[in-house]
Each structure stands twice: as C-alpha cells, then as structure tokens.
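Values quoted throughout were computed directly from the atomic coordinates according to the rules given, and no laboratory measurement underlies them. Please read these numbers as outputs of a predicted model, since none were measured by experiment. For neighbour counting, all protein chains shown are included, and Cβ atoms are generated from backbone atoms with ideal geometry for every residue, glycine included.
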C-alpha cells in the first residue's frame with residue numbers, strides 16, 4: 001500500500017506496507033513500550049505530556065523535545081490506547097505496530113510493517129522473540145529491510161545483525177524495568193543510507 005503524502009497512516013486498518021511521506025532525508029524518533037493510558041485528554045494537554053498523568057507516566061520532557069524535532073515517529077507497540085497514538089501523530093507522521101498489550105487496537109494496527117523512509121527499508125514488529133538466534137530470525141522474516149525496529153523487552157538494543165541489517169530496540173521512555181535508564185532511539189536517514197543511529201538516554 002502506498003500512502004499519499006500528508007496523510008498520517010498510523011491507525012489505518014491493515015496498512016502493513018507503505019511509503020511514508022519522506023523523500024530524501026529524515027530524522028526518525030523511535031519509541032516502544034510507552035504503556036500510557038489517557039482518560040482525560042484536556043488534563044494531559046495542560047500538563048504538556050502525552051498520556052494521562054494520573055495513570056502511569058507521561059512521556060518525559062527530554063522525550064518530548066526529541067519528538068518535537070522528528071520528521072517521522074515510529075512506535076514498536078504497547079501504546080495501550082489509540083488516543084496516545086493520535087497525540088504522537090499530531091507531532092509528526094507516526095507509524096506503529098500492535099503490541100501484546102494493545103488490546104483496544106486489535107484490527108486497527110498491524111502486527112508488522114515494512115516502510116520506505118528516505119529510501120531506506122525499515123521493518124517493524126513488537127516482539128522479536130528471544131535474543132538467541134534473533135538476528136537470523138529477523139533476517140528471515142524481513143530479508144529486504146536495512147533496519148528492523150522492535151520492542152517488548154524494554155531493553156535498548158542497537159546492533160548489527162545478518163548481512164549488515166541493523167536491529168534497533170529503543171527501550172522504553174516510561175518503564176525502564178531492569179534497565180539503568182529510560183530511553184528512546186533515533187535514526188538519521190538520507191538517500192537510501194542510514195547515516196546515524198543511536199540510543200538516547202532520557203535521564
């Protein structure tokens with residue numbers, strides 16, 4: 001499916017493969033496992049945070065600053081509520097996949113996506129499975145992808161898999177669990193090349 005420019009296709013039913021509205025270069029902010037629920041949109045907006053501050057955590061200010069500078073936002077699942085996806089989409093074109101906790105978005109988000117961003121093929125999945133044999137498993141599933149974005153473990157990962165394929169888990173900006181920091185990830189893409197990639201520590 002090719003998505004026309006200026007559309008924000010994150011919640012499109014069945015949209016698992018698309019061309020994002022970015023041509024030559026872009027800064028991509030990658031999130032996963034935000035686990036935000038929002039009951040009162042106005043309260044969250046007044047606090048300047050994505051997510052309901054009364055349930056769980058909103059995104060930290062350091063994450064919001066990165067999102068404000070994004071050309072594209074990718075979310076690798078476990079958003080919890082579509083309202084959070086809507087607010088991310090108001091910041092930049094946003095693409096997401098279904099996480100195991102995204103029960104309210106079953107049928108709205110696909111389990112996987114394959115995107116072309118600035119000429120770079122990027123695949124997305126929530127649960128990439130155990131770390132053992134993960135590189136081979138993801139390469140078999142997404143052989144044409146230069147980057148595979150995934151989440152679920154809350155453990156940041158930025159490593160090279162098979163045949164130079166980059167494997168990127170941004171960790172979580174809200175629930176670090178056993179990790180030392182809250183994190184997200186960024187990609188700099190230009191004319192078919194990944195020119196920058198990093199895990200960003202938010203605290």
Next on the checklist: Run the simple label-point estimate for residue 181 and residue 139 please: 7 Å along Cα→C-beta, distance reported in nm.
Outcome noted: 2.9 nm
Next on the checklist: Which residues does the label zone of residue 23 cover in segment 72-100, counting backbone N under 18 Å from a point 7 Å along Cα→Cβ?
Outcome noted: 72, 93
Checklist outcome for this item: Classified through the alpha carbon gyration tensor (a ≥ b ≥ c as square roots of its eigenvalues; rounded if a/c is under 1.5, else prolate when a/b is larger than b/c, else oblate), segment 129-203 comes out oblate
Item to check | Pairwise label distance in nanometres, residue 160 with residue 90, each label 7 Å out on the Cα-Cβ vector | outcome: 4.2 nm
Item to check | For segment 17-201, the Rg and Dmax computed from alpha carbons only, in angstrom | outcome: 15.3, 47
Checklist entry - Expressed in nm to one decimal, what extension gain is obtained for the pair residue 188 and residue 106 from 0.36 nm per residue of sequence separation less their Cα-Cα distance? => result 26.5 nm
Checklist entry - For 202, 74, 184, what's the fewest-to-most ordering of other Cβ within 10 Å of each Cβ? => result 202, 184, 74
